[in-house]
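Peer 1: Pasting a structure here, questions to come.
Derivation of every value follows stated rules applied to the coordinates shown; laboratory data play no part. Owing to the predicted nature of the structure, the values given are computational and were not obtained by experimental measurement. Backbone-built Cβ (ideal geometry, glycine too); neighbour counts: all protein chains shown.
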Amino acid sequence: MILLHWLGLIAAAIAGLIVSVLAAGALVTLIVTLRVAARFPPQGPYVEVNGGRLATIEAGPKDSPKGIIVLLHGASANAADPMEGVGRRLAGEGFRVIAFDRPGFGWSDRLGGRDMAVPAAQGNAIAQALDRMKTGPVILLGHSWSGALATAIALDHPEVVAGLVLVAPVAMPFPSMGAVPWYYRVALKPPVTWLLGRTLATPVGLSYLERAGRAAFRPQDLPEDYLDRSRSALVLRPQTMIANLHDLIGLPAALAAQAPRYGTITAPTVIVSGDADAAVPASRQAEPLARAIPGARLVLLPGIGHMVPYVATEALVDAVERLAEGIAAPGRETVAP
């Protein structure tokens, strides 16, 4: 009886500790969410689409003779990431630049809930937004996760795509989450995801934010002002963290479905990747993707890691300029590097 009594006291103490930790996490999550929203408010106009609205950041002349570049950001990011990396530089060259917060990121609505986790669904929303903005065909610049998004748009909505610039892209199939540890699978159960997303995920994410940035930039250094310029903390809000998780989990199956169609892409395409990218190795993604898309031009940057828009801005701008010139004057863009 004494043993049972002590076991009961220990269980009660552990339960109380768990409740206290979760309560503290919930409070920190609320404070961080409010502070992040106040520090990084919406920057550009919204576009109404089915199910809600998408947020944008715009730069450059509204009526540009050079054309429109649409920036699509990667995982754990928002529209400010590619805009601050390469977008404002392109605007300075005379392009009209539109960066979208993908559904569920930045200040964009998630629109279709978890159904919005696949590139094709997000591509439908982006294509609808471009149609309502009356942009005509645009050059899509998709970084990392949005390599899959840009190719999905080119496959399903070729009428809105004048050209593709795929930067350190994830677009080729890769292994699913089947081999992840058991605790990841538990965390992905909807009730557990909901609980962790509103208690512990934000404080843990906050502690890892700078470390994650350094990992993304390797072998280059993390710029001192990157986290502020890219508004990276916006991903720490619970709904965004959950959306980001679902996007990452759903990507392998989505790519397995869309990759066999890459041979039908007709948009002029350039793929820019660093040969020192440890996050998305070019040998597994950029190089086979260049072989899969007819006529694609591959630009491999020696010694460059994953964050090409920041650490190889001029090379990326040059690739965009060449592609745009080739679109304006067919035949000028060649497959030679």
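Peer 1: Within 10 Å of each residue's Cβ, count the other Cβ atoms and sort F174, F95 from fewest upward.
Peer 2: Values: F174 13, F95 24.
Ordered by Cβ neighbours within 10 Å, fewest first: F174, F95.
Peer 1: If each residue's Cβ is checked for other Cβ atoms within 10 Å, how do H73, H143 rank with the fewest at the top?
Peer 2: The fewest-first ordering by Cβ neighbours comes to H73, H143.
Peer 1: In debye, nearest 20: dipole of the stretch 46-328 around its Cα centre with unit charges on the Cβ of K, R (+) and D, E (-)?
Peer 2: Dipole magnitude for the stretch 46-328 comes out near 680 debye.
Peer 1: Sort K66, K134 so that the residue with the fewest other Cβ atoms within 10 Å of its own Cβ comes first and the one with the most comes last. Can you show the working numbers first?
Peer 2: Working: K66 18, K134 6.
Fewest-to-most ranking of K66, K134: K134, K66.
Peer 1: Projecting each Cα onto the charge dipole of the stretch 46-328 (Lys/Arg +1, Asp/Glu -1 at the beta carbon, about the Cα centre), which of A120, P103, I242 comes out farthest on the positive side?
Peer 2: Sorting the options by dipole projection puts first I242.
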